[in-house]
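Please read the structure below before turning to the comments.
FYI, it's all coordinate maths here, none of it is from the lab. None of the values given here were measured: they were computed from a predicted structure. All Cβ positions, even for glycine, are placed from backbone atoms using ideal geometry, and neighbour counts span all protein chains on display.
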Amino acid sequence: MTGRERNLKVYCGIDWASDHHDVVLVDEAGALLARARIGDTAEGLAELLRMLADHGDSADAPVPVAIETSRGLLVACLRATGRPVYAINPMAAARYRDRHSVTRKKSDHYDALVLANILRTDAAAHRPLPSDTELAQAVAVLARAQQNAVWDRVQAGNKLTSHLREYFPGFLAAVSVRREGLYHPIARVLLAAAPTPERAARLTIAQLRALLRKAGRKNTVDAEAQRLQLALRQPQMRQLPLVEKAMGQQSLALLRQLDAVCVSADDLAEAAAESFQAHPDAEIITSFPGLGPLSGARVLAEIGDDRSRFVNAKGLKAYAGAAPVTRASGKNIAVLARRVKNQRLAAVGYVWAFSALTHSTGARNHYDRRRQAGDRHTAAQRNLFSRMIGCLHHCLAQRVTFDEATAFPMPTHDPLPAAA
C-alpha cells in the first residue's frame with residue numbers, strides 16, 4: 001500500500017449466510033477496494049483478517065464492519081478483536097438498497113457493498129455493538145435462554161390445557177386451586193399416573209398419598225388426597241372409551257414436552273442467577289425494589305455493562321420502550337407509547353414495576369398519583385418503569401445502590417395561610 005492509501009478510511013460490509021460470507025471493502029469515496037467470499041470457518045476468518053490488514057487495519061485504527069446480525073461465531077470473533085461491529089437491521093439495509101439502485105437488483109456481493117456504504121455515509125446514525133464483558137455476555141445467554149424456556153413452557157401448558165378441555169375437564173378443575181395449575185409438580189405427577197377420567201376415578205387414598213409425596217408434598221397429605229379423590233370422581237361429560245384412551249395417550253406425550261421445558265426453565269434460572277450474582281453490577285441492580293436474582297439477570301442481559309452504550313437515561317428509556325414517542329405534523333401532535341423497543345427488557349420491566357408496587361412505598365405512591373392524574377393501569381405502570389430504569393442508569397453510572405428517599409422524594413406542599 002502507498003502512503004496515500006494508508007491515510008484513506010476503509011469500511012467493511014459483510015453479507016452473512018449460514019455457510020459463507022461475502023465481504024466488500026470500500027474507501028471514503030465509495031470506490032471498491034476489495035471483495036471476497038469466505039467460508040464460515042477458522043480459515044475464512046483468517047482470510048478476512050488478512051484482507052483487512054492489507055488495507056490498513058490495525059489495533060490503533062481498526063476497520064469498522066457492518067453486518068446484518070448481532071450473533072454467531074463470526075460476529076463474536078470480530079468483536080473479540082476490538083473492532084467496531086455494526087449490526088444493521090435487515091429492514092434498514094433493504095431501504096438503503098433501494099436508495100443505491102432503482103432497478104432493485106440484489107446479490108450477495110451487492111448486499112455487502114450496500115452495508116459498507118451504510119457505514120461510509122451514515123455511521124453516526126447507527127450504533128456499534130456494545131463492549132460488554134465476557135461475564136455480562138454469559139449472563140445474557142443464560143437469561144435469554146431461560147426466558148425462551150418460560151415462553152416454551154407457557155406454550156406447552158396451553159396445548160395441554162386445550163387438549164384436556166376436550167376430554168378431561170375435571171382434572172383441570174381439580175388442579176386449578178393452585179396458582180401454578182398444570183405447571184405444579186403435583187398436577188404433572190398426577191396426570192402421568194392417571195391421564196384419563198376412568199383411571200383417575202379409580203385412584204385410592206393410599207395411591208394419592210404416594211403421588212403427593214412423590215411430587216414433594218410434605219404437609220396435609222391426607223387432606224389433599226381426600227380433596228383430590230373427591231374432585232376426580234365428580235361427574236363429567238365423557239368421550240367414547242377408545243377415544244378417551246387415545247386422548248389420554250396424547251396427553252402423556254404433551255405432558256412429556258411440558259416436563260422437559262419445566263426442567264429446562266428451572267435449571268436455566270438457577271444458572272442465570274448464579275452467573276448474575278458473580279457480576280459486579282448485581283448488588284446495585286438487586287438493591288432496587290422488585291428486582292431479584294433472576295429478573296436482575298434479565299435486566300443486565302439487555303442493558304449490558306458497557307457504560308458508554310447509553311449516554312444518558314433518556315437513551316436507555318427509549319431502548320426499553322418506557323419513553324413515549326411524539327409525532328408532530330403541522331398543528332397535530334400525538335404522544336404515543338413506543339412500539340419499537342427491546343421486547344425482552346420491556347417484558348421484564350412490566351414485571352419489575354408490578355413487583356415494586358408491593359416492595360416500595362415510593363413506587364406505590366408514584367403509581368397512585370399517575371392513576372389519579374388519569375393514566376390507565378398500563379400507562380401508569382410504564383411511567384413507573386421509566387422512573388425506575390432512569391434511577392438504575394444513575395446508580396450504575398455513579399456506582400451507588402438504590403435509595404428510596406432520593407428516587408421518590410416526598411412531595412412538598414405550600415404552607416397553609418395563617419388564620420386571621
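Things to note:
- Quarter of Cα convex hull surface for the stretch 190-241, i.e. mean projection, nm²: 3.5 nm²
- Pairs from the table (Lys159/Lys317; Lys9/Lys341; Lys106/Lys314; Lys159/Lys214; Lys106/Lys317) lying more than 31 angstrom apart at Cα are Lys159/Lys317; Lys9/Lys341; Lys106/Lys314; Lys106/Lys317.
- Each helix, a run of at least 4 DSSP H residues, gives -39500 (n - 2.57); summed and divided by the residues of the chain, these come to -18500 deg cm²/dmol at 222 nm.
- Mean-square fluctuations from a GNM of the chain, with a 10 angstrom spring cutoff on Cα atoms, peak among Ser287, Ser58, Ser355 at Ser58.
- Long-range Cα-Cα pairs in the stretch 284-420 (distance over 18 Å), rounded percent: 58 percent
- Solvent-free Debye scattering, log10 I(q)/I(0), computed from the Cα coordinates of the chain at q = 0.07 Å⁻¹: -0.54
- DSSP assigns beta bridges within the chain; of those with both partners inside it, close to 75 percent run antiparallel.
- Springs join every pair of Cα atoms under 10 Å in this Gaussian network model of the chain, and among Gln147, Gln250, Gln137 the largest mean-square fluctuation is at Gln250.
- GNM flexibility winner over the chain from Arg364, Arg83, Arg233 (Cα, springs under 10 Å): Arg233
- Net charge contributed by nearby residues that have their C-beta within less than 12 Å of Ser287 (K/R +1, D/E -1): -3
- When peptides 41-48, 356-363, 385-392, 215-222 are ranked by their average number of other Cβ atoms within 10 Å per residue, the highest-first order is 385-392, 356-363, 41-48, 215-222.
- Contact order normalised by residue count of the chain, Cα under 8 Å, 6+ apart, percent: 12 percent
- Normalised by 2.2 N^0.38 Å, where N is the number of residues, the alpha-carbon radius of gyration of the stretch 1-88 equals 1.02.
- Hydrodynamic radius by Kirkwood, which averages 1/r over all alpha carbon pairs of the stretch 71-213, in angstrom: 20.6 Å
- Most to least packed among 234-241, 22-29, 393-400 [average Cβ atoms within 10 Å]: 22-29, 393-400, 234-241
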